[in-house]
Amino acid sequence: MDKSEKLRQEITERVKILHQIINLAILLIVFALCFIVFLYQQKATEEQIGLFILLQPVIFAFLTFNYQANQMTLEGLAKYLKEEGWESFYGQYKKGRRLTSFLKVLPLVAPQFVPLAIWPFFVGFYQFYWLIIIDLVLFLLVLINFRYKFQK
């Protein structure tokens, strides 16, 4: 197997990983929503529900970092193989589908908006400020890490 074929295999494996991460994110969102309903039905306190909600962006931030790292490596490999044909076509094809690419990662990014959305509801819960700040810092890091998408 030559170097080009090995790199193509690497691309295939990374694409599989990207789709598994997206599927995992969707399952985690469904689980989180069901668990929030369960907590509410069990008469959990607002603090308990709030803590659970605020822990979700941390999980999704790390999933997103993993996704981004694999995506950047995938694009680097494709760029390296660009003169071979298909990768050049794929790069041009993908440029016209940036909205679709954004919607694909929405399950990873959307839960990270949670701290911004619920901030007004937790103003009195001082014990959560550190977690909200951590969520916001991770969210900003995710946004900064997506800058490579806009440099092309």
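Could you name the aspartates and glutamates whose alpha carbon sits less than 16 Å from that of Lys79, not counting residues in the same chain fewer than 8 places away?
Once the sequence-local aspartates and glutamates are set aside, what remains near Lys79 is Glu5, Glu10, Glu87.
Tell me, what is the FRET efficiency for Leu24 and Leu143 to the nearest 0.05, using R0 = 22 angstrom and their Cβ-Cβ distance as r? Kindly include the intermediate steps, with their values, before the conclusion.
Values: r = 21 Å, r/R0 = 0.95.
That pair, Leu24 with Leu143, gives E of 0.55.
Figure the gain on full extension for Ile59 and Ile36 (residue separation times 0.36 nm, minus the Cα-Cα span) and round it to one decimal in nm.
6.7 nm
At a temperature of 20 °C and a viscosity of 1.002 mPa s, determine how fast the stretch 10-59 diffuses translationally according to Stokes-Einstein, using the Kirkwood radius over alpha-carbon pairs as Rh; express D in µm²/s, rounded to the nearest whole number.
Working: Rh = 12.5 Å.
In µm²/s, the coefficient rounds to 172.
FYI, it's all coordinate maths here, none of it is from the lab. Predicted, not measured: the structure shown is a model, and the values here were computed from it. For neighbour counting, all protein chains shown are included, and Cβ atoms are generated from backbone atoms with ideal geometry for every residue, glycine included.
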